[in-house]
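> The structure is given below, and queries will be raised subsequently.
The values are calculated or read from the model by the stated rules, or taken from the named source; none is laboratory data. Note that the structure is predicted; figures quoted are calculated from it, not measured. We place every Cβ from the backbone using ideal geometry, glycine too, and count neighbours over all the protein chains shown. Just so you know, the surface numbers come from the protein's heavy atoms only, side chains and all, with ligands and any DNA or RNA stripped out. Shrake-Rupley method; radii C 1.70, N 1.55, O 1.52, S 1.80 Å.
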Amino acid sequence: MPGAHHRIMTSTLGTVPGRFRLRHGAGFWVIAAAFLAVMAFSTIPTPLYSLYQARDGFPTWVVTVIFAAYAVGVIASLFLIGHLSDRTGRRRMVLIAVLLEIVAAALFLVWNDVAGLIVARIVSGAGVGALTASATAQLSELRAVARPEEGPRLAGTVSTVVNTGGLALGPLIAGAFAQLLPQPLVLPYAVFLLILAVAAVAVPLVPETVARAQERPPYRPQRISLPAEARGAFSAAAVAAFAGFAVFGLFTSLAPSVLAGTLHQTSHLLAGFVPFAVFAASAVSQIVFARLSTRAQLILALVLMLSGLGGLAAGVLSASLPAFVVSGVLAGAGVGLQFRSAIAVAASLAAPDRRGEVLAAIFLIAYLGLALPVLLVGVALILWPLVTVLVVFVAAVVVLSIPAGLRMLRRT
């Protein structure tokens, strides 16, 4: 939960007479469901890129540009508005995020050439950037009021599951729609437009958990703080976060192209299943190994990441579907633990009153990792074949991950 200084509201503060409000316990599950819906919607296009590509005839590098537009939206939103729920209220920021996703869904339906896809992905990314910190904090605060004796563990687990689990569900749902139902470039967005509309109605019924100040301080973008006394350890955590999200970016942008082009698999369900498996492995590993020490998690993360990346290179070189899928699962599990460890190391470097700023820097660098390597892969695909580019990508991520992991190990 960002910042210990926030004033948490009781169940009566901020309630407007005559206006219905859910109890905090029910509100917790409404926010969790809205969080899940937004994150799932954000990855709906993953298995559909190949359909857009086949329909419009654009090359694979254009897919990386469309995907990177999403990360640009997230980064801009994190920097400009992601922190404003501390002052304007959690509920309002969650509702804004849901409304942005509704706009994105409408754009996918009515303007789905390349330019429209780029704009829709930027808007979708902006919604995710507005939502992530706000919903995570609100879940913690709602649960603290509803079950004060419980402690933060359940709220933290639910946040992890709906965040990463939502990212996992999106491709699986879209892949199933594309495989089994007509109009694969229409129906998934229409269904999520309805789901998001329900969320937009339900979120305003949730109690607010932050008391808004009578006098608002002047607006400023998210402050980014790098601890000068621990730059080496911070840079290691940042590089680890960057490298981990680069793996996520690869699977959510290019997995369907690899399956269709290199592995000769045309199943839309499979194109959705592979990114699902990567994200699901990330979520499960964070939950299953949560009780391990940061040091043990970091060692396991390195082993899983390196095994997965090695398998990924072997899978594309040998055109082996099982190797590609298994390596994705291993890499995803490793990325989940590596990012969790990077967050823990970064948080330990800052004083409590600067922790939010340090974590903001880590998240921004992580999302740069989601966008920049994928864009570089796109540029490389103009010049070299996909298999060569993927092997070089794997080597680059390994070169980044090993020194960063070893330096973080020394810190822990």
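> Send over a whole-number figure in Å² for the accessible area per residue of region 348-412, probe 1.4 Å.
Details: 3200 Å² over 65 residues.
In whole numbers, region 348-412 has 49 Å² accessible per residue.
> Got the relative contact order for the chain handy, in percent, Cα pairs under 8 Å and 6 or more residues apart? Can you show the working numbers first?
Numbers: 739 pairs, mean separation 103.6, N = 412.
Value for the chain: 25 percent.
> Next question. Suppose all protein chains stay in the model; what accessible area per residue would a 1.4 Å probe give for region 270-316, in Å²?
Working: 1700 Å² over 47 residues.
Averaged over the residues of region 270-316, the accessible area is 36 Å².
> Shifting gears a bit: Using a 1.4 Å probe over the heavy atoms of the protein chains, calculate the carbon and sulfur portion of the accessible area of the chain as a whole percent.
Answer for the chain is 70 percent, counting heavy atoms of protein chains only.
> Return the distance in nm (one decimal) between the two label points of a simple spin-label model at residue 20 and residue 216, each offset 7 Å from Cα along Cα→Cβ.
Reported label-point gap for residue 20 and residue 216 is 2.9 nm.
> Oh, and also: Which sequence of 370, 381 reflects their accessible areas, 1.4 Å probe, from the largest down?
Largest accessible area first, the residues go 381, 370.
> Can you list the DSSP H helices in the chain whose Cα atoms extend at least 15 Å along the helix axis and whose mean Kyte-Doolittle hydropathy is 0.5 or higher?
Length and hydropathy pass: 24-42, 60-80, 90-110, 114-146, 153-180, 187-202, 231-261, 268-288, 294-318, 321-349, 355-383, 386-411.
> Another question, if that's okay. Using a 1.4 Å probe and counting only protein heavy atoms, arrange 208, 101 so the residue with the most accessible area comes first. Before the final figure, lay out each step's value.
Numbers: 208 25, 101 0 Å².
Result, largest first: 208, 101.
> Another one. Would you mind counting up the charge near residue 297? Only other residues with Cβ under 14 Å from its Cβ, with Lys and Arg at +1 and Asp and Glu at -1.
Details: positive: 291, 295, 340, 411; negative: none.
Here the count lands on +4.
> I would also like to ask the following. Report the local net charge at residue 337: Lys and Arg +1, Asp and Glu -1, summed over other residues whose C-beta lies under 14 Å from its C-beta. Before the final figure, lay out each step's value.
Working: positive: 291, 295, 340; negative: none.
Summing Lys/Arg as +1 and Asp/Glu as -1 gives +3.
> Only helical DSSP H runs with n ≥ 4 go in: add -39500 (n - 2.57) per run for the chain, normalise by residue count and round the 222 nm mean residue ellipticity to 500 deg cm²/dmol.
Here the helix-only value at 222 nm equals -26500 deg cm²/dmol.
> What does the net charge come to around residue 73 if you take all other residues with beta carbon closer than 15 Å to its beta carbon, with K and R at +1 and D and E at -1?
Details: positive: 121; negative: 101.
My count for the surroundings of residue 73 gives 0.
> Then there's this: Give me the distance in nm between label points sitting 7 Å out from Cα along the Cα-to-Cβ direction at residue 111 and residue 379, one decimal.
Taking the two extended label points, one gets 2.8 nm.
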